[in-house]
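Step one of this worksheet: look at the structure below.
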Amino acid sequence: MAIKIHLDVVMAERKISLNELASKVDITLANLSVLKNNKAKAVRFSTLDALCRVLECQPGDIIKYQKEEVPS
């Protein structure tokens, strides 16, 4: 998938743990871990909103598009 989640990078920059962020965003540790490890298939806007609010960032700081090379 060409969409990558860079939540781990933003968390490291903000020096916030997975447990602390899960608590502040009101999301389960398991679901936040899925996002952090780039295993999510979808993200709710309400979750993205809460992450941006708590981490004081923009959605583009968390979500990136990386063009995939198509085999010839």
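Some points to look at:
- Selection within the stretch 36-62 - of a type in the set (A, V, I, L, M, F, W, C) and either at pLDDT 95 or above or on the phi > 0 side of the Ramachandran plot (or both): PHE45, LEU48, ALA50, LEU51, CYS52, VAL54, LEU55, CYS57, ILE62
- Options GLU68, GLU13: the member that is in contact (Cβ under 8 Å) with a residue 60 or more places away in the chain and not in a strand (DSSP E or B): GLU68
- Criterion (surrounded by fewer than 13 Cβ atoms within 10 Å (Cβ to Cβ) and assigned to a helix (DSSP H, G or I)) met by exactly one of ALA50, ALA30, ALA42, ALA22: ALA30
- Check on ILE62, surrounded by 12 or more Cβ atoms within 10 Å (Cβ to Cβ), over 12 Å from the mean Cα position of the chain (by Cα) and hydrophobic (A, V, I, L, M, F, W, C): no
- Hey, ILE63 touching a helix residue (DSSP H, G or I) at 6+ places or on another chain (Cβ under 8 Å) and in contact (Cβ under 8 Å) with a residue 60 or more places away in the chain or not: yes
- Scan of the stretch 13-40 for residues that are farther than 17 Å from ILE3 by Cβ and either in contact with a Cys (Cβ under 7 Å, 6 or more places away or on another chain) or of a type in the set (A, V, I, L, M, F, W, C) (or both), ordered by number: ILE16, LEU18, LEU21, ALA22, VAL25, ILE27, LEU29, ALA30, LEU32
- Of the residues making up the stretch 53-65, those that are under 20 Å from ALA2 (Cα atoms) and either assigned to a loop (DSSP other than H, G, I, E, B) or out of contact with any strand residue (DSSP E or B) (no Cβ under 7 Å at 6 or more places or on another chain) (or both) number 4.
The values are calculated or read from the model by the stated rules, or taken from the named source; none is laboratory data. Just so you know, these numbers come straight off a predicted model, no measurement behind them. Positions of Cβ are backbone-derived with ideal geometry, glycine not excepted, and every protein chain shown enters the neighbour counts.
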